[in-house]
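Structure record follows, encoded as structure tokens.
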Amino acid sequence: MTFSPTTRFRTFVAAALVVAASLASAATLQSGDALPPLPLKDQHAKSLPVPADTRLIFFAAEMTSSKLMSKALEGLAPTALRDGKAIYIADISSMPGPISSFIAMPKMQKLPYAVAVVKDGAETSALPRKPGAVTVLKTQGGKISAIDYASTAEQVAAYLK
């Protein structure tokens with residue numbers, strides 16, 4: 001039995017996609033995993049290390065979850081993240097460059113708290129995500145102790161109270 005070049009190419013692409021999907025899902029962090037080094041910079045382009053005593057990492061992988069975080073933090077003290085030993089990571093890699101440069105970043109620079117801004121999605125590809133929700137990584141001793149998802153601003157704020 002002979003296959004046409006088109007059929008062979010389609011088979012190759014399908015197999016490559018299956019392998020890529022399995023590798024991507026295998027790379028997602030899970031409870032018990034060590035927190036990998038994250039090369040983070042805040043909205044002012046300053047290095048933002050993850051302190052050893054961090055207990056919560058909020059990760060907004062999309063616009064919907066970023067809006068949830070903003071709404072939750074609006075009602076809290078500007079020091080709520082720091083006081084709660086938490087950091088907030090916003091992945092804006094899917095945002096068009098001009099929008100992020102001329103609208104999103106200037107808006108974030110006015111915020112009274114630090115936001116780790118990720119412009120290259122590969123940097124946070126191992127972080128778990130759920131559409132429409134903020135990922136909440138509970139950490140202890142440099143390891144992930146639990147992974148939760150908050151789908152309302154009230155749920156996000158509850159972690160910081």
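Quick notes on this structure:
- Working from label points 7 Å from Cα in the Cα-to-Cβ sense, the I103 to S47 distance is 3.3 nm.
- Our coupling estimate for region 71-86, obtained by passing each phi through the Karplus curve with A = 6.51, B = -1.76, C = 1.60 and θ = phi - 60°, is 5, 5, 6, 4, x, 10, 4, x, 9, 4, 5, 4, 4, x, 6, 10 Hz, Gly and Pro reported as x.
- Among S125, P98, P37 - extreme Cα towards positive end, dipole of region 31-159, charges at beta-carbon: P98
- Counted residue by residue at 0.36 nm each, then reduced by the alpha carbon distance between them, the extension gain from Q30 to Q140 reaches 38.3 nm.
- When Rg and the Kirkwood radius Rh are both evaluated on Cα atoms of region 19-161, their ratio Rg/Rh stands at 0.94.
- A full extension of the chain between K130 and D148 corresponds to an added length of 5.5 nm, given 0.36 nm per residue minus the alpha carbon distance.
- Diffusion constant of region 74-118 at 20 °C, which comes from Stokes-Einstein with the Kirkwood Cα-pair radius and 1.002 mPa s, µm²/s: 185 µm²/s
Taken together, the values in this text are just the output of simple stated rules run on the coordinates, not laboratory data. Just so you know, these numbers come straight off a predicted model, no measurement behind them. Backbone-built Cβ (ideal geometry, glycine too); neighbour counts: all protein chains shown.
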